[in-house]
Amino acid sequence: MTVIDRRAARVVLVDRADRALLLRGSDPARPGLRWWFTPGGGLDEGETPAQGAARELFEETGLRIDPADLGEPVWHQVTRFSYDSRQYRQEQDFYLLRVDGWQVDTTGFDDEERATIDGHHWWSAEELDATTETIFPEDLADLLRRLTGVA
C-alpha cells in the first residue's frame, strides 16, 4: 500500500468566548462518516506552513490574514489517516489565531470542499469533552485549554 507523505498547516481559530472554530467534513469513499476538524490543509509547492495556513483559512472561512499574523506554530503533530481510498502520513503545524468573532464564508471552497464539508461550529473545551462526535486532532480540548488558559 502506498502512503502519501505530505506537509500541512492548520489554524486553531479562537473567538472571544475561547471557542475554537471547527468544520465538519466527510470522506467520499466512506459515505456517512463525518468528523470535525480545524481549518487548514496540505501545503502547495513552495509554500511555508504559515502561508499555507493563511491560504487555507481564507479558502475555508473567508478570513483573510497576513501569514506573519500567525506567528510561530503552537503545536506540531504527525498523523496517519485514510481519505478517498488513499493512505496519508501528514506532518502538520498548528497556529493560534484569536478573533473577536467571525461569520464563516465558504464561497472560497473548491469543488472537493463543497462536496465534503457541510457545516461549521464554534466549540468550547467543555463541548469538545462532552461530545460523542469525532474531533481532529483528538486532544483538541486539552490544546484549547492550554492555548487559552481556560481551566
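What follows draws every value from the coordinates through simple rules; no lab data is involved. Just so it is clear, the structure is predicted and the values come from calculations on it, not from any experiment. Positions of Cβ are backbone-derived with ideal geometry, glycine not excepted, and every protein chain shown enters the neighbour counts.
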- Message: Counting only helical runs of four or more DSSP H residues, what would the 222 nm mean residue ellipticity of the chain come to if each run contributes -39,500 (n - 2.57) and the total is spread over all its residues?
- Response: -6000 deg cm²/dmol
- Once you have a ≥ b ≥ c as the square roots of the Cα gyration tensor eigenvalues for the range 1-89, tell me rounded if a/c is under 1.5, and otherwise prolate or oblate according to whether a/b is larger than b/c. oblate
- Query: Hey, what does the equivalent ellipsoid look like for the range 3-148, semi-axes from the Cα gyration tensor as sqrt of 5 times each eigenvalue, largest first, whole Å?
  - Reply: 21, 19, 16
- Task: Assuming a ≥ b ≥ c are the square roots of the Cα gyration tensor eigenvalues, decide whether the range 39-96 counts as rounded (a/c under 1.5), prolate (otherwise, with a/b larger than b/c) or oblate.
- Result: prolate
- Note on the structure: So for the range 58-129, using the alpha carbon gyration tensor with a ≥ b ≥ c as root eigenvalues (a/c under 1.5 gives rounded; past that, a/b versus b/c decides prolate or oblate), I'd call it rounded
- Message: Which residue, 88, 104, 41, has the largest displacement toward the positive end of the dipole of the chain when charges sit on each Cβ (Lys, Arg +1; Asp, Glu -1)?
- Response: 88
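How would you rank 123-135, 103-115, highest first, on the average number of other Cβ atoms within 10 Å across their residues?
123-135, 103-115
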- Note on the structure: Contour minus Cα-Cα span, residue 48 to residue 138, at 0.36 nm per residue, comes to 29.9 nm
- Could you tell me the distance between the Cα centroids of the range 97-150 and the range 52-67, to the nearest Å? 15 Å
